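Take a look at the structure set out below.
The values are calculated or read from the model by the stated rules, or taken from the named source; none is laboratory data. Note that the coordinates shown come from a computational prediction; the quantities given were computed from them, not determined experimentally. Counting neighbours? That spans all protein chains shown, and the Cβs are built from the backbone with ideal geometry, glycine included.
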Amino acid sequence: MERKPSRRKSRIFETPERNESDTGSQNAPARRTTKYWPCGIVICPLILCILSALLFLQQFTTPDPLRSVLSSPKVHHGETLHSQVHNPDLARPSIELHPEDHIYRGAVTQHLDWVVAEDYLRPDGVLKQVYLVNGIFPGPTIEACSGDTLLINVTNALQGEPISIHWHGLHVHNTMDGVPGVTQNAIPPGSTFMYNLTIPQDQSGTFWYHGHTGTSRADGLYGGFVVHAPSSRPTVRGLMARDSAESLQYGYEREFLLLIGDWYHQPGAQVLAWYMSIASFGNEEASTALWPCLLDPWIALNNRPTSRTYQT
């Protein structure tokens with residue numbers, strides 16, 4: 001007697017019949033996609049090339065928004081500076097020193113007139129607002145001799161910002177030390193203050209001056225201050241003992257002053273705000289100008305003429 005398979009097992013082994021109409025409808029989109037994808041491969045790169053070309057051309061057709069807002073850099077050469085100050089040394093390149101003009105003479109009184117202002121420059125290729133002294137960044141180099149007296153008339157031409165100048169390392173009278181709120185009142189905008197500095201006879205060397213208010217030093221208010229020691233051998237009308245000059249003794253022809261310091265592309269106030277914030281965890285921000293070669297192969301040398309760039 002034959003046994004018929006149960007309904008449960010028969011349902012398991014039954015294969016559903018496919019409807020040809022359903023199969024055709026499922027393959028239709030795939031056929032359409034396969035038909036048009038070569039066109040997409042050609043069109044998409046073409047669109048990207050067109051957009052890249054438009055962006056490239058826009059760099060030449062769109063004016064720089066900073067040009068209409070910021071004034072152009074002011075570069076003053078020696079002839080212009082000579083008409084503004086009384087010190088003949090400032091008519092020369094500020095980076096080059098001239099000890100021969102000082103070590104064979106007696107003590108003198110130098111008169112300097114300084115105007116401190118702000119302008120936008122590109123010291124290392126990046127536009128930044130910096131402090132200028134008589135149109136120079138960094139400020140003019142002071143050369144003097146032990147025993148000299150310097151009368152430096154400082155005019156504050158800034159907008160809404162007081163300033164003061166500190167003479168770093170020099171033994172000067174306490175009222176002329178340039179610490180605002182301690183040894184003097186800061187110089188208000190539009191006002192003038194005269195620093196009367198007498199260099200001791202026993203002091204010589206390489207020093208510097210810098211702004212002592214806010215973050216003025218970080219933004220360029222500084223410069224070199226070189227005090228030459230008088231010649232140890234006597235001279236007769238400056239005609240003798242010149243063979244004892246250090247340039248002949250050590251075999252070099254010219255002497256230059258090189259200022260080395262931190263430089264940030266951001267304003268000093270912004271760098272300070274980051275350092276004072278909780279997010280810094282007490283870590284000072286690294287200088288953004290440490291590796292200029294990552295962006296451009298040109299760097300700037302501190303205290304160089306502002307119209308020249310040196311390639312390394």
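One table, with the values for the structure above:
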| read-out | value |
| --- | --- |
| Close pairs from segment 96-112: first under 18 Å from GLY205 (Cα atoms), partner in a strand (DSSP E or B) and of a type in the set (Phe, Trp, Tyr), Cβ under 8 Å, at least 6 apart | GLU96/PHE256; LEU97/PHE256 |
| Answer residue from segment 266-283, given it is under 22 Å from LEU127 (Cα atoms) and in a helix (DSSP H, G or I) and is modelled with the lowest pLDDT among those | TRP274 |
| Single residue of segment 77-129 satisfying the filter (modelled with pLDDT of 85 or more and of a type in the set (S, T, N, Q)) that is farthest from ASP219 (Cα to Cα) | THR109 |
| Residues within segment 155-176 that are closer than 21 Å to GLY220 by Cβ and in contact with a strand residue (DSSP E or B) (Cβ under 7 Å, 6 or more places away or on another chain), tallied | 13 |
| Leading residue by the ranking (nearest to the chain's Cα centre (by Cα)) among those in segment 99-113 that are of a type in the set (A, V, I, L, M, F, W, C) and over 10 Å from SER231 (Cα atoms) | LEU112 |
| Matching residues in segment 168-201 - criterion: being more than 26 Å from ALA107 (Cα to Cα), surrounded by fewer than 18 Cβ atoms within 10 Å (Cβ to Cβ) and of a type in the set (Gly, Ala, Ser) | GLY181, GLY190, SER191 |
